[in-house]
Amino acid sequence: MVQDGAKRGRRRWLRRLALLPVLAVALTVLQVLVLRVVDPPFSAFMAWRQFDAWRAGDWRFRVAHDWRDLSAMSPHVPVALVAAEDQRFAEHDGFDFKAIEKARASNARGRRLRGGSTISQQTAKNLFLWSGGGYVRKAIEAWYTVLIEALWPKRRILEVYANVAEFGDGVYGAQAAARTYFGRDARRLEAWQAARLAAVLPRPKKYSVARPGPYVQRRTRAIQRQMRGIGGAAYLRRLD
């Protein structure tokens, strides 16, 4: 009898363990559905950066972040992000396999190339995950990318990315960046200013918006050309 009771107990625990993946899937789907209509007050990257400051004893540090809807930003901002980071954003379903293969081939030849991550992938990573590599993080990032592509319109993905992207140490989102570096609202950013912000991505701790070196200056000019090449503000109509 004791053995039968132990077996039944193990079976109950096994059934509960088997339900954990189902519960995890359901919770992540619900999480993404809610954030389709609710603006996230912070991202995982913001939380980690604030925690790192406190852990280092810097109790005065505060993350700079101020949400702005896409309609309350200069159209130059989202266009610059697409031009700089993911020019096939309107066409792909979250993964740009052409860019991934190009990056892989270039890396195999020993050349340094910007990664093949899309805006959708970067949104998933910045909003939900932590920095760093590893197969587990990449797998979770891929899952969230699938979810936001399936459950959010493209315009929402771009809106969230523009609000969670890091443009400097502790400076997140276009509004905080516009105030920090140009002393103006994101609604009033000019094309070159939006291009300057995009030019430091995806390494805002290495490159500076406030003190642009030769690379950032060249890249700013290149992004402005690319913005015109994809149609400027008219590009946003492709996301409707």
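Any read-out appearing in this document is the output of simple, stated calculations on the displayed coordinates, not a laboratory observation. Remember, predicted model here, so these are calculated numbers, not experimental data. Don't worry about glycine lacking a Cβ; one is built from the backbone with ideal geometry, like all the others, and counts go over all protein chains shown.
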In this structure, is THR145 without any contact (Cβ under 8 Å) to a residue 40 or more places away in the chain, buried (at least 22 other Cβ atoms within 10 Å of the Cβ) and either of a type in the set (Val, Ile, Thr) or at positive phi (or both)?
-> no
Any idea which of (1) part of a helix (DSSP H, G or I); (2) of a type outside the set (Val, Ile, Thr); (3) surrounded by fewer than 19 Cβ atoms within 10 Å (Cβ to Cβ) is the one ALA177 doesn't satisfy?
-> (3)
What do you reckon, is PRO78 under 18 Å from the mean Cα position of the chain (by Cα), farther than 16 Å from PHE167 by Cβ and not aliphatic (A, V, I, L, M)?
-> no
Matching residues in segment 206-223 (assigned to a helix (DSSP H, G or I) and within 21 Å of the chain's Cα centre (by Cα)) number 4
Filter pass, LYS138 being within 22 Å of GLY116 (Cβ to Cβ), surrounded by fewer than 22 Cβ atoms within 10 Å (Cβ to Cβ) and touching a residue at least 24 places away in the same chain (Cβ under 8 Å) | no
